[in-house]
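Here the structure comes first, spelled out in structure tokens, and everything after it is commentary.
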Amino acid sequence: MEGAFYIAMFLAASVVSLASPLEKADCTLELPDSETGKVTYTTNQVSWGCLGQKPLNSTREVHVLNLNFPKDFSELKLTIQVSKGNVPQPRDVHVILNVQGHINLLLQAPGIPVNLSLDPTKVFLKEAYVDYSVLPDFFGKEELLNWAQRTHGDLTSYAEMDDPQSIILHVGQALASAFPCVPASNFDMGNHLTWKAIAPGVRGCRFSKGLGKKVAHILKVTQGSFSSPQTVEVKVDLSCPSGNLAPTLETVLILQGPPNVNWLIDSIHNVQIGTTGEYSFKIFPDKSIPGSILSDTIQGLLYEAKTKFNASIIASYVEIPPTSHIALWAPSCAPKIETSPSPVLTTPPTMSCYLPLLSSLLSPQCSPDSMTLVLKKEFIVVLNCQIKHLSFRDPTCQSQEKDNQLVLSSTFYGCGMNVKKGVILSNEVAVTLTSSSVPILMEVECLNTSAFSVHMGAYSSQQFLRTSSTIELGQRVYVQVIATPAIEELTTHLDSCSLDLGPEADPVELIHDQVAKSPRVSLLAADSNRIQFSFLLRGHMVPTPMAATLSCNVGLTLQDKYETKTIVKTSTKLNISNPIPTTQGLGMPAVLGITFGAFIIGALLTAALWYIYSHTRPPGKRQPVMATGPASESSSTNHSIGSTQSTPCSTSSMA
């Protein structure tokens, strides 16, 4: 019976031909609702990536994962595995995890000593025993790569991905690439890294004309970097979560890919199939069925779905990068029959609230007159926390619901607020859960930035004795930033600094995220409330700016807690002097003086050369030539000629 079922599936395969380019399908693809299903795929290709060569017999590896997540909160499973082979096994593995968004991370690295670098305000670890170092913020991947190489040395790999669901990173591989690791777009990581993602942009439509009664799913795999035969496994799941499957729904699966791709289909449903290349079913992998020629355009595939497969609905159309596994989940549920509701018994959740993550999310923000905490309800659901309300030390100060958020706010002098040293605001937040009458207490702190003053001055020497409002082109400028009052709990750093030269020149970025942006910039010294640095403005600028504005963003952090970081902006105006005038040309007196000087030097040089020549010739005799004829007519001529002729016996010189 089961064999007859799959034979029926073989017979359902349809041979189609290339659609005419003149035909257009009356179906406009749009984003469907969330109940239509989803498509996931596994691939080795990343949006940007590179591989570096691991030195011979080296056990040190540095891997950078730059991840972008579109949602406010996402889940990520990161698995680190050791590759088998005749290569030294890694003993020092550094994984730098830079995240845009917020994620809940499940790390699996059995038996591998991994050193993690991450931002604890963005990455929440499910395992409390995982050690990590704090990762600073970066403006882009160039800054991230520069920091990683400067801090950890040459990179083993770099991979940039959008919205990954899971990542498998293989360490201990012998790589054939050469240093340096320079990222390239649409890079194939090979066996080094595999990741799973949800296909974005899954669209669908309904044909306005036609009598078809089938639902089509079109999956198009783009061309990869390899031309050797590839097998892509496609798992199709049409089950209904409620179990109420639509019995009469007919489904069409159209798989379009490069010529070197064959398909292995895993499905227990009766599906009509059209593919490029050969395909087979997972239960009969040795039985290959030839495919057909399919259009490689969107309109062509839609037209074939309508005319060749008699489809009336395109449930999903998606384009996928080169991959080895695709999973299509498209629930086929029968219409719900409305019945009178019956009582439902509710039970408390079996999982308890994940308090470490909740504590990290309760980060207060201090304005000039108040402390405010904001907790998104989406985070509460992910953390499985059934929160009734939040309150300060004074239980009458409770949170309010605003825009799907819990907001708790108080002035500096209410709700049991404590003020330490005039600048540190401290309070307790009581988290009341619906499952318990005893609240959970968490201490929160932030800085009263209105009580701080930040002063910045420019100096002409490294002694920082007297400030100067004028800087000179070609001379080093020394800058000192001081935050007051100075308290031991405070950490000060330069988040960024730039020099605005006005409309005459482009702005100059000096410092970004505590890192000098040019060899002309030097970070000199820093303590809890004082930072010193210097910079050199190049000596020749056309046109020469007359003034500049030095602006810095100063970061203030309480007790090295990154979540308390506050930015204070400061700036100072500077005049620019140029020791070499460049705006005026040379006058006529200067031109004449230079010309006369050049003439005198040339004349003196000529005289000196003639003097040397005349006193270094070997002595010689010259014999005048006697001529006949009247002396009165030829004496001067004979004398001139005789003065230029000589004989070996001559002892006189006519020169």
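The values are calculated or read from the model by the stated rules, or taken from the named source; none is laboratory data. Please read all numbers here as calculations on a predicted model, not as lab measurements. Cβ atoms come from the backbone with ideal geometry, glycine included; neighbour counts cover every protein chain shown. Accessible surface is based on the protein model in full, side chains and every heavy atom, while ligands, DNA and RNA are left aside. Shrake-Rupley method; radii C 1.70, N 1.55, O 1.52, S 1.80 Å.
A few comments on the model shown:
- When residues in segment 95-116 are screened for being closer than 16 Å to LEU67 by Cβ and open to solvent by less than 30 Å² (accessible area, probe 1.4 Å), 11 of them pass.
- Given (1) modelled with pLDDT under 90; (2) in contact with a Leu (Cβ under 8 Å, 6 or more places away or on another chain); (3) crowded, with 18+ Cβ neighbours inside 10 Å, index of the condition LEU255 fails: (1)
- Of the residues examined, SER528 is one that is touching a Ser or Thr at 6+ places or on another chain (Cβ under 7 Å), open to solvent by 40 Å² or more (accessible area, probe 1.4 Å), touching a residue at least 40 places away in the same chain (Cβ under 8 Å) and not assigned by the TED database to the domain that holds LEU135.
- In segment 471-482, the qualifying residues are those that are touching a strand residue (DSSP E or B) at 6+ places or on another chain (Cβ under 6 Å) and modelled with pLDDT under 90, and the one that is nearest to VAL568 (Cα to Cα) is ILE471.
- Selection status of VAL481, in contact with a helix residue (DSSP H, G or I) (Cβ under 9 Å, 6 or more places away or on another chain) and under 24 Å from LYS565 (Cβ atoms): no
- Qualifying residue in segment 330-337 (condition: within 30 Å of HIS389 (Cβ to Cβ), modelled with pLDDT of 60 or more and buried (at least 18 other Cβ atoms within 10 Å of the Cβ)): no
- Test: residue in segment 117-137 that is surrounded by fewer than 18 Cβ atoms within 10 Å (Cβ to Cβ), modelled with pLDDT of 90 or more and not in a loop (DSSP other than H, G, I, E, B): no
- Evaluating TRP48 against the criteria (1) open to solvent by less than 20 Å² (accessible area, probe 1.4 Å); (2) modelled with pLDDT of 60 or more; (3) in contact with a helix residue (DSSP H, G or I) (Cβ under 8 Å, 6 or more places away or on another chain) leaves one unmet condition, (1).
- Criterion: of a type in the set (Ser, Thr, Tyr) and outside any strand (DSSP E or B) - qualifying residue of THR544, THR557: THR544
- Test: LEU490 is closer than 30 Å to LEU144 by Cα, surrounded by 17 or more Cβ atoms within 10 Å (Cβ to Cβ) and in contact with a Cys (Cβ under 7 Å, 6 or more places away or on another chain): no
To keep it simple, each residue is scored yes or no on (1) at pLDDT 80 or above; (2) in a strand (DSSP E or B).
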site	(1), (2)
ALA305	yes, no
ILE313	yes, yes
PRO322	yes, no
ILE326	yes, yes
PRO341	no, no
PRO349	no, no
CYS353	no, no
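- Cβ-Cβ under 9 Å pairs, at least 6 apart or on other chains, segment 186-198 side farther than 21 Å from TRP329 by Cα, far side among the β-branched types (Val, Ile, Thr) and not in a strand (DSSP E or B): HIS192/THR156
- Residue in segment 143-152 that is at pLDDT below 85 and out of contact with any helix residue (DSSP H, G or I) (no Cβ under 7 Å at 6 or more places or on another chain) present: no
Each row is one residue, and each column tells you yes or no for (1) crowded, with 19+ Cβ neighbours inside 10 Å; (2) touching a Pro at 6+ places or on another chain (Cβ under 8 Å); (3) touching a residue at least 60 places away in the same chain (Cβ under 8 Å).
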{"residue": "LEU441", "(1), (2), (3)": "no, no, no"}
{"residue": "SER450", "(1), (2), (3)": "no, yes, yes"}
{"residue": "HIS455", "(1), (2), (3)": "no, no, yes"}
{"residue": "PHE464", "(1), (2), (3)": "no, no, yes"}
{"residue": "GLY474", "(1), (2), (3)": "no, yes, yes"}
{"residue": "TYR478", "(1), (2), (3)": "yes, no, no"}
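- Positions within segment 600-628 being modelled with pLDDT under 80, surrounded by 10 or more Cβ atoms within 10 Å (Cβ to Cβ) and not charged (D, E, K, R), in sequence order: GLY620, GLN623, PRO624, VAL625, ALA627
- Tally of residues being more than 26 Å from GLU488 (Cβ to Cβ), without any contact (Cβ under 8 Å) to a residue 40 or more places away in the chain and of a type outside the set (A, V, I, L, M, F, W, C) across segment 401-420: 7
- Among the residues here, SER469 does not qualify as of a type outside the set (Phe, Trp, Tyr), surrounded by 12 or more Cβ atoms within 10 Å (Cβ to Cβ), over 30 Å from GLU563 (Cα atoms) and assigned by the TED database to the domain that holds THR564.
- Positions within segment 500-519 being buried (at least 16 other Cβ atoms within 10 Å of the Cβ) and part of a helix (DSSP H, G or I), in sequence order: none
- When segment 268-281 is limited to residues that are at pLDDT below 85 and assigned to a loop (DSSP other than H, G, I, E, B), the one that is nearest to ASN310 (Cα to Cα) turns out to be ASN270.
- Selection of segment 415-449 for residues being within 34 Å of the chain's Cα centre (by Cα), closer than 18 Å to THR484 by Cα and either of a type in the set (Asp, Glu) or not in a strand (DSSP E or B) (or both) yields ASN448, THR449.
- Set LEU383, LEU375: member being modelled with pLDDT of 75 or more and open to solvent by less than 20 Å² (accessible area, probe 1.4 Å): LEU375
- For segment 534-550, the count of residues that are without any contact (Cβ under 8 Å) to a residue 40 or more places away in the chain, over 30 Å from LYS420 (Cβ atoms) and surrounded by 13 or more Cβ atoms within 10 Å (Cβ to Cβ) is zero.
- Filter pass, SER83 being modelled with pLDDT of 70 or more and surrounded by 14 or more Cβ atoms within 10 Å (Cβ to Cβ): yes
- Number of positions in segment 373-400 that are part of a strand (DSSP E or B) and in contact (Cβ under 8 Å) with a residue 12 or more places away in the chain: 9
- Filter result (touching a Leu at 6+ places or on another chain (Cβ under 7 Å) and either among the aromatic types (Phe, Trp, Tyr) or modelled with pLDDT of 85 or more (or both)) within segment 53-63: VAL62, HIS63
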